[in-house]
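Notes for the one structure printed next.
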Amino acid sequence: LLEAASDFASYPGLLTDDAAKEFLDRFPLTFLFSVLQSWVDRPGAEATVVACLDRLFRTKYGASLLLQYTSFLQAGLRANSHTLRCLACKSVSYILENVKTIVIYSLLVDCLIEGNEETSAAALGAIKNIVQSPEGIDVIFPHVASRCSSLGRIRVLALIKELFSLSSSVASAVHKANLLKLFEAEINNRDDMLTTLSALELLYELVESPHSSRFLSKVTLLHILADMISDAGIDSVLRSRACLISGRLLSLVTSLLLAIDGRLQDSDEYESAIEALGQIGASSQGAILLLTPVARHVFQAVFGHQSRGKQLAALHALGDICGASRPGLNNAAEKCLRQLFYAAAANSPKMTPSGLLLWVLQQEPEKRQAGYRLISALVARPWGLMEVCSKQEIITIVTDEDTKFGMEARFNCCAAINNALSASNMLHDASIAEVAAKLQDAVRRGPYLAKKEAQPVVVTADRF
């Protein structure tokens, strides 16, 4: 049996239903289950048989037989052996995927909370399959909020995060079941910093879901984050993470923005707060909201005397606000953006926005790459295009730089300027003709600046 089970489990190819049936004709499931019970002390027996069963249940034939052995699944989910519990968790998924029959096992949650890493992951996968049906949502959710250890609570939060991103209906069920309250409770519990930080990390991933803005705005998480950002008494790491989460949430709550604004006075969280403003500005609504006195911090960080890390973070944030990843803004916000650029230029030795942009492109490679991204967004505006094209040195760097770092960012910037110029009325200006020609040639050569088409070289072989 062990030799046959080992060969079956390690078979390198895809196992067919016929192969599964042939094996089970020799060794029926009842016999294999009895071996797991009676050979517990035999070295390697459990691992070999479990690996074999796992391969069997992955076939449609093997999964179909599982429905006759629900008592095995229930016993497996209660087993002391993590190996058996993991197999039982996976078996639930195999039934759902291959037979499309909903089977609810509340013990899966116990495996999620109490199992080892592999068992917990298998339980999570099975629960995710179950809750994609209305029946599964109704049955499984009441068990999720049970009291458990700090590790168990974090695993429950991880489950909620995974479920929340599955679909709008599951996200709605999570919200209606008040499961988001578990995040609030864990974040408010400051007794264990590592647990609180883990909860914040999971919340950071949860707010990436397209459903987050629909449901998270209806709970008190935003107020908790605002309080955390404003609280100088808690650890800087927690405040920094709260800043980034609030940036993703894109809240219209004034108190939250003011709280982030207040953290910009603290050097420890400066970069995180600046990055949060960039994430808010990555959407049109967020940029419109930001283009108030709050945005002055981003301009000060880019063009002021700040450290390398702060300036680099601010350059990317300014690129987000200018529209590096979204369309333009409304008239009022565009006017504010232009005023902020010209005010920053007037308060610097460079005097003009084009001078500031050239100065950015003359910095180290990482800042220059962020500068390319900023210029790509800025040239969508007539005044931004004029500023860029009026500085011959900017065009020279964008079209001729041949350093390997950031070549695609440079090319994207070059293409953005060329496209904006082609759609403008500036081509009628004779002084722009040379600029347009350089841009067109650079775009034609591509991101790696091929000077001409490669030609094969044929030489006579050297001989002794």
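The values are calculated or read from the model by the stated rules, or taken from the named source; none is laboratory data. Keep in mind the model is a prediction, meaning the values are calculated, not measured. Quick reminder, even Gly has a Cβ in these numbers, built from the backbone with ideal geometry, and neighbours come from all protein chains shown. Accessible surface is based on the protein model in full, side chains and every heavy atom, while ligands, DNA and RNA are left aside. Shrake-Rupley method; radii C 1.70, N 1.55, O 1.52, S 1.80 Å.
Okay, residues lined up against (1) more than 30 Å from the chain's Cα centre (by Cα); (2) at pLDDT 85 or above; (3) among the hydrophobic types (A, V, I, L, M, F, W, C):
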site	(1), (2), (3)
380	no, yes, yes
383	yes, yes, yes
401	yes, no, no
404	no, no, no
433	yes, no, yes
458	yes, no, yes
463	yes, no, no
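Among the residues of the stretch 129-143, is there at least one that is surrounded by 22 or more Cβ atoms within 10 Å (Cβ to Cβ), within 22 Å of residue 76 (Cβ to Cβ) and at pLDDT 80 or above?
Among the residues of the stretch 129-143, not one is surrounded by 22 or more Cβ atoms within 10 Å (Cβ to Cβ), within 22 Å of residue 76 (Cβ to Cβ) and at pLDDT 80 or above, which makes the answer no.
Among the numbered conditions (1) surrounded by 12 or more Cβ atoms within 10 Å (Cβ to Cβ); (2) assigned to a helix (DSSP H, G or I), tell me where residue 3 comes up short.
Condition (1) is where residue 3 drops out.
How many of the residues in the stretch 323-344 are modelled with pLDDT under 85 and touching a Ser or Thr at 6+ places or on another chain (Cβ under 9 Å)?
10
So which of 449, 439, 421 ends up being more than 19 Å from residue 380 (Cβ to Cβ) and either modelled with pLDDT under 85 or not hydroxyl-bearing (Ser, Thr, Tyr) (or both)?
Just a single option satisfies the conditions, and that option is 449.
Could you count how many residues in the stretch 350-362 are open to solvent by 30 Å² or more (accessible area, probe 1.4 Å) and touching a helix residue (DSSP H, G or I) at 6+ places or on another chain (Cβ under 7 Å)?
3
Restricting attention to the stretch 371-392, does a residue exist that is in a loop (DSSP other than H, G, I, E, B), farther than 18 Å from residue 324 by Cβ and open to solvent by 20 Å² or more (accessible area, probe 1.4 Å)?
Yes.
On the given criteria, is residue 261 among the acidic types (Asp, Glu), modelled with pLDDT of 80 or more and open to solvent by less than 40 Å² (accessible area, probe 1.4 Å)?
Criteria not met by residue 261.
Name the one entry in 412, 425, 347 that is surrounded by fewer than 21 Cβ atoms within 10 Å (Cβ to Cβ) and within 23 Å of residue 332 (Cα to Cα).
So the residue among 412, 425, 347 that is surrounded by fewer than 21 Cβ atoms within 10 Å (Cβ to Cβ) and within 23 Å of residue 332 (Cα to Cα) is 347.
Out of all the residues in the stretch 322-337, which are within 20 Å of residue 279 (Cα to Cα) and part of a helix (DSSP H, G or I)?
Within the stretch 322-337, 322, 333, 334, 336, 337 meet the criteria.
Quick grid of which residues meet (1) hydrophobic (A, V, I, L, M, F, W, C); (2) surrounded by fewer than 18 Cβ atoms within 10 Å (Cβ to Cβ); (3) in a helix (DSSP H, G or I); (4) within 41 Å of the chain's Cα centre (by Cα):
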| residue | (1), (2), (3), (4) |
| --- | --- |
| 14 | yes, yes, no, yes |
| 20 | yes, no, yes, yes |
| 36 | yes, no, yes, no |
| 42 | no, yes, no, no |
| 46 | no, no, yes, yes |
| 53 | yes, no, yes, yes |
| 63 | yes, no, yes, yes |
| 70 | no, yes, yes, yes |
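On the given criteria, is residue 372 touching a Lys or Arg at 6+ places or on another chain (Cβ under 7 Å) and either without any contact (Cβ under 8 Å) to a residue 24 or more places away in the chain or at negative phi (or both)?
Yes; evaluated as a whole, the condition is true for this residue.
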